[in-house]
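The values are calculated or read from the model by the stated rules, or taken from the named source; none is laboratory data. Keep in mind the model is a prediction, meaning the values are calculated, not measured. All Cβ positions, even for glycine, are placed from backbone atoms using ideal geometry, and neighbour counts span all protein chains on display. Surface accessibility is based on the protein's heavy atoms, side chains included, excluding ligands, DNA and RNA. Shrake-Rupley method; radii C 1.70, N 1.55, O 1.52, S 1.80 Å.
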Amino acid sequence: MTRRWKVAAVAAVLFVLLLAVALIWWLRSTMLESPAEMSARAALSAQAFRESYLDPSEGKISSRRAACAACHMNHGKFDPRRWNFLHDRAQLSRSEWANKILLPVKCGVCHVVPFPAMLPRQSWIESIARMDHIAEARGTMKLNADERLDVLHFYLTFSPEQLVPLANDPDPARSPIKFLASVFGNPRNPDTRVRPVLGHVQIADLDRDGQPDVLVCDTDKSQVNWVHRTNGVWREETLASAPNPVHTQLVTNALTGRLDIVVACQRVLEPTDEPVGSVVLLRNGDAMRFTSEKILEGIGRVADVEPGDFDGDGDVDFVVAAYGFIKTGEVGWLEKKTEAKFVYHVIVKRAGAIHVLPTDLDGDGRLDFVALFAQEHEQVSAFINDGSGGFRERVLFKAATPSFGSSGIQLVDLDGDGDLDILYTNGDNMDLPTVIPRPYHGVQWLENKGNLNFEWHDIHRFYGAYSTAVADLNRDGLPDIVVTSMFNDWDDPKRASLIWLENLGGQRFAAHGIARVPTQLISIAVEDLDGDGWPDIVASGMYAFGPVDRMSRLTLWTNRHLRR
């Protein structure tokens with residue numbers, strides 16, 4: 001063999017070795033996440049959850065400031081009376097200081113008294129200011145200047161500089177299922193100053209042609225839209241106008257047999273206590289032409305409306321969640337008297353109602369419902385139908401902090417025992433001007449133990465967890481969970497906007513990434529949209545806040561099946 005051939009042979013061997021190394025590196029970077037990696041990620045997030053929400057410190061002062069001078073370098077300019085008072089306070093333990101303030105009296109009248117660890121130090125300045133604003137709006141007693149300083153310094157002293165971060169979100173490249181993203185329906189306006197604001201998506205066969213369609217609330221444009229297939233191509237068209245719609249539900253019309261649409265409307269996107277909310281019924285006429293009829297107005301902003309026969313007379317009534325704002329908000333039901341007449345009954349006056357889901361909770365044959373309340377309440381309640389038009393409330397779960405960020409509930413038999421559990425997300429982050437990623441955000445379920453007793457279980461911690469859908473994504477016979485994020489840490493490009501939680505059996509779930517782009521996904525629906533037998537995903541974006549560099553109206557993720 002000549003010298004030239006020897007050199008060529010060596011070069012070829014080196015090339016093959018380099019190619020093999022590159023291939024191994026690529027396979028390693030894209031292979032499925034190992035159980036050990038999943039376990040380590042889950043452990044980190046569990047630690048962040050415990051330290052920020054469960055507060056295991058119980059009075060430990062590891063995050064306490066060393067001295068007042070750490071903030072106030074020159075205290076000579078302060079009122080000596082206040083300086084000395086707060087300086088003396090700073091010598092107390094956390095429990096001693098809390099007792100001196102009488103926190104249950106100062107704060108607990110309106111909501112659960114939060115632990116200092118639930119927000120980073122600087123957020124407490126915004127939080128106390130917001131409490132002052134709420135007290136003033138409601139006409140309740142505000143803290144005087146000295147009390148306000150006392151409470152504020154308590155929280156500043158015992159809160160951390162930063163919350164313990166959650167572990168990184170799972171990498172979409174390592175998911176055992178491949179998903180192909182594409183623009184769905186109408187494309188968004190190319191002008192980045194025009195932000196998509198879509199409140200809700202729902203998959204249903206609206207025209208009953210045997211093919212799934214998608215209902216869309218284009219909130220900013222005040223339109224209810226319909227995405228359906230025409231000659232194999234998805235087409236989006238407007239069905240009707242509605243004043244800032246945020247949620248739809250289908251109702252079978254007993255006279256026509258067609259599917260009508262009931263719509264929860266807010267009229268304005270900005271928070272307000274004005275009675276701007278309404279419920280609109282879109283009646284389905286011939287050839288998919290809808291006429292709009294307001295069946296309720298003059299209440300706070302409506303977040304949800306759901307059909308059901310609540311009085312047992314054989315027709316369809318509606319239960320209504322009016323979120324309101326600070327002074328307004330309620331849950332009530334619309335009793336159907338005739339085809340054109342509904343009578344509204346208030347059940348409870350309370351701000352922050354997000355969802356109201358009808359079901360017979362106690363098995364007595366009467367329709368009850370489960371409600372989710374945000375704002376300072378942060379609770380899930382059952383409303384039991386007494387058979388005479390009234391409802392008895394029972395609290396099923398109440399969060400340990402008013403900053404929990406409740407964002408949604410679903411009724412689903414998650415453990416396969418034949419009864420309905422409650423799948424529950426908390427990820428809302430609109431209670432303070434500055435969006436702070438909160439490590440107690442995520443997905444949990446309330447296990448139905450019978451007799452209106454529900455037991456809380458953690459599933460996965462996920463910043464900004466907002467909307468969920470349950471489907472068997474990998475077709476193994478177990479229900480998986482798809483979760484969107486509305487308020488993730490978008491400054492970190494590796495944070496996910498869409499993940500799925502693989503059901504491993506025994507109420508164990510493994511988190512997998514689906515997408516990092518687009519961000520700020522507020523609503524989701526899952527069903528087989530292309531007829532291949534595998535569930536696909538459609539989600540809507542709402543960009544009332546930044547960032548606005550990764551926007552989309554509607555996105556379809558086609559399930560490309562299990563990796564081979």
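Note on exposure: ARG283, ARG193 ranked by accessible area (1.4 Å probe, complete protein assembly) read ARG193, ARG283, with the most exposed listed first. Tell me which DSSP H helices of the chain clear both cut-offs, 24 Å or more of axial length from alpha-carbon atoms and a mean Kyte-Doolittle hydropathy of at least -0.5. Span-like helices here: 3-30.
A 1.4 Å probe run over the stretch 480-561, with the rest of the protein chains in place, finds 29 Å² accessible per residue. Add +1 for every Lys or Arg and -1 for every Asp or Glu among the other residues with Cβ under 14 Å from the Cβ of LEU432, and state the total. Neighbour charge sum, excluding LEU432 itself: -2. The residues neighbouring LEU296, those whose beta-carbon lies less than 14 Å from its own, together hold a net charge of -1 under the Lys/Arg +1, Asp/Glu -1 convention.
Sorting TRP534, TRP234, TRP97 on solvent-accessible area from highest to lowest, probe radius 1.4 Å, gives TRP234, TRP534, TRP97. The gain in end-to-end length when the LEU432 to ASP273 segment is fully stretched comes to 55.5 nm, 0.36 nm per residue minus the alpha carbon separation. Evaluate E = 1/(1 + (r/R0)^6) for ASP313 and ASP207, where r is the Cβ-Cβ distance and R0 equals 25 Å; express this FRET efficiency to the nearest 0.05. Efficiency at R0 = 25 Å is approximately 0.25. For LYS178 and SER34, a Förster radius of 22 Å and the Cβ-Cβ distance give a FRET efficiency of 0.70, rounded to the nearest 0.05.
Shown in residue order for the stretch 263-278 are the 3J(HN,Hα) couplings computed by the Karplus curve 6.51 cos²θ - 1.76 cosθ + 1.60 at θ = phi - 60°: 10, 8, 10, 10, 6, 10, 7, 6, x, 7, 9, 5, x, 9, x, 7 Hz (x for Gly and Pro). For percent of Cα pairs over 33 Å apart, the value calculated from this model appears in [x] 48; [y] 57; [z] 51 under label [x]. Rolling a 1.4 Å probe over the protein chains gives ILE295 an accessible area of about 20 Å². Hull volume per residue, based on the alpha-carbon atoms of the stretch 449-505 and their convex hull, is 112 Å³. Full extension of the chain between TRP83 and THR338 yields a length gain of 85.0 nm, computed as 0.36 nm times the residue separation minus the alpha carbon distance.
Across the options THR140, ASN186, ILE128, the greatest Cα extent toward the positive end of the charge dipole of the stretch 126-191 (unit charges at beta carbon of Lys, Arg, Asp, Glu) belongs to ASN186. Counting only lysines at least 8 places from LYS327 when in the same chain, those with an alpha carbon closer than 17 Å to its own are LYS142, LYS349. The separation of the stretch 254-308 from the stretch 382-410, counted between C-alpha centres, amounts to 23 Å. Using the structure shown, list the pairs from LYS100/LYS398; LYS294/LYS337; LYS294/LYS341; LYS294/LYS336 with a Cα-Cα distance above 20 Å, or answer none. Cα-Cα > 20 Å for LYS100/LYS398; rest within. Here ASP364 sits with roughly 60 square angstrom of accessible surface, probe radius 1.4 Å. What the Cβ-Cβ distance of LYS294 and THR238 gives, at R0 = 22 Å and to the nearest 0.05, is a FRET efficiency of 0.75.
Peptide packing for 39-46, 237-244, 103-110 was compared via the average number of neighbouring C-beta atoms within 10 Å per residue; ordered from the highest value, the list is 237-244, 39-46, 103-110.
Give me the percent of the accessible area of the chain that comes from carbon and sulfur atoms, probe 1.4 Å, all protein chains in place.
That fraction is 55 percent.
Rolling a 1.4 Å probe over the heavy atoms of the protein chains gives the stretch 200-354 an accessible area of 40 Å² per residue. How charged is the neighbourhood of THR252? Take every other residue with its Cβ under 15 Å from the Cβ of THR252, and add Lys/Arg as +1 and Asp/Glu as -1. Once positives and negatives cancel, what remains is -4. Subtracting the Cα-Cα distance of ALA135 and VAL105 from 0.36 nm times their residue separation leaves 9.4 nm of extension gain.
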